[in-house]
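The values are calculated or read from the model by the stated rules, or taken from the named source; none is laboratory data. Here the structure is a predicted model, which means the values were calculated and not measured. Here the Cβ is made from the backbone with ideal geometry for all residues, glycine too, and neighbour counts use every protein chain on show.
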Amino acid sequence: MKATLKKLNAIIAKDYPKLNIELVKGDGYFYFIGDDGFDEIDSIYMNALNQAPLDRWEILLHCVIDERYAGQRVGTHKVDFLNVGDGATYTSFTDRQAATIISRTEKQITIRFDHAKLLNGAESGEADALQFSVGGFAAHCEGRQRYQYTRNENGREMKFSRRVIMNSYTGESRVEWKAVGTRTSERGSTLQAGRHHFYDYNF
């Protein structure tokens, strides 16, 4: 099927409804404008639209936009774009544990938990040291936790599966990576992109 700018921008609007992006033609290449497009997404260096059919253009659009806005495309999640060796975070209620992806397929990921060393504990002497006061279940903690991560070759491993969750009221769907053996509706037990270790001292 023949590609046109109207068709391509309709694909962008459908697949990235939260982004303000428009594809336009330059001199020997195509580039993006809009609040989320200009100077944010790599240009596509093709002289004319007829150099590729519509389905090939759709793949090209997804490649360049997903590189900048991973997880923003409808039906995708940031974890979908992670590779072996990348950092990830297991969320469990209010706590989060940093890990490294050690294997993956399209539908399943295995992580191994990292060593996470707190750098700004209450007695660290750091300018941003955590502040504790009496109260709550254990104590009230104020401040932003800062960690140093190292790989733990003997760390515990955990598997996650990719699930599409439908909202029965709106008909919309979203993607979540959930721990194998947990119910889709269960709170927590999800995998997120990047290392963001956190211990909830207030709970």
Item to complete: Would you mind finding the one in GLY34, GLY75, GLY28, GLY87 that is under 16 Å from the mean Cα position of the chain (by Cα) and at positive phi?
Response: GLY75
Practice prompt. Could you grab me the full set of residues in segment 175-203 that are surrounded by 13 or more Cβ atoms within 10 Å (Cβ to Cβ) and free of Cβ contacts under 8 Å to residues at least 24 places away in the same chain?
Written response: LYS178, THR182
Fill in: Matching residues in segment 171-189 - criterion: being at pLDDT 95 or above and assigned to a strand (DSSP E or B)
TRP177, LYS178, ALA179
Response to the item:
Here the residues within segment 1-24 that are surrounded by fewer than 16 Cβ atoms within 10 Å (Cβ to Cβ) and in contact (Cβ under 8 Å) with a residue 24 or more places away in the chain are MET1, LYS2, THR4, LEU5, LYS7, LYS14, PRO17, LYS18
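Looking at segment 163-170, can you tell me whether even one residue there is in contact with a Phe, Trp or Tyr (Cβ under 9 Å, 6 or more places away or on another chain) and either closer than 19 Å to THR105 by Cα or part of a loop (DSSP other than H, G, I, E, B) (or both)? Let's see the steps before the verdict.
First, pick out the residues of segment 163-170 that are in contact with a Phe, Trp or Tyr (Cβ under 9 Å, 6 or more places away or on another chain): 163.
Right, trim to either closer than 19 Å to THR105 by Cα or part of a loop (DSSP other than H, G, I, E, B) (or both) and you get 163.
Scanning segment 163-170 turns up at least one residue that is in contact with a Phe, Trp or Tyr (Cβ under 9 Å, 6 or more places away or on another chain) and either closer than 19 Å to THR105 by Cα or part of a loop (DSSP other than H, G, I, E, B) (or both).
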Practice prompt. Mind counting the residues in segment 91-118 that are in a loop (DSSP other than H, G, I, E, B) and surrounded by 13 or more Cβ atoms within 10 Å (Cβ to Cβ)?
Written response: 1
Worksheet item: Among all residue pairs at least 6 apart or on different chains, which show Cβ distances below 6 Å where the first residue, located in segment 37-48, is under 13 Å from LYS25 (Cα atoms) and the second is loosely packed, with under 13 Cβ neighbours inside 10 Å and not basic (Lys, Arg)?
Response: SER43/TYR29; TYR45/TYR29; ASN47/GLY28
Worksheet item: If you scan segment 147-171, which residues turn out to be surrounded by 11 or more Cβ atoms within 10 Å (Cβ to Cβ) and of a type in the set (Asp, Glu)?
Response: GLU157
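Output the number of residues of segment 30-52 satisfying the condition of being in a loop (DSSP other than H, G, I, E, B), surrounded by 12 or more Cβ atoms within 10 Å (Cβ to Cβ) and not charged (D, E, K, R).
Taking segment 30-52 first, the residues in a loop (DSSP other than H, G, I, E, B) are 34-43, 45-48, 52.
Retained after the next criterion (residues that are surrounded by 12 or more Cβ atoms within 10 Å (Cβ to Cβ)): 34, 36-38, 40-43, 46, 52.
Narrowing further to those that are not charged (D, E, K, R): 34, 37-38, 41, 43, 46, 52.
Final tally of qualifying residues: 7.
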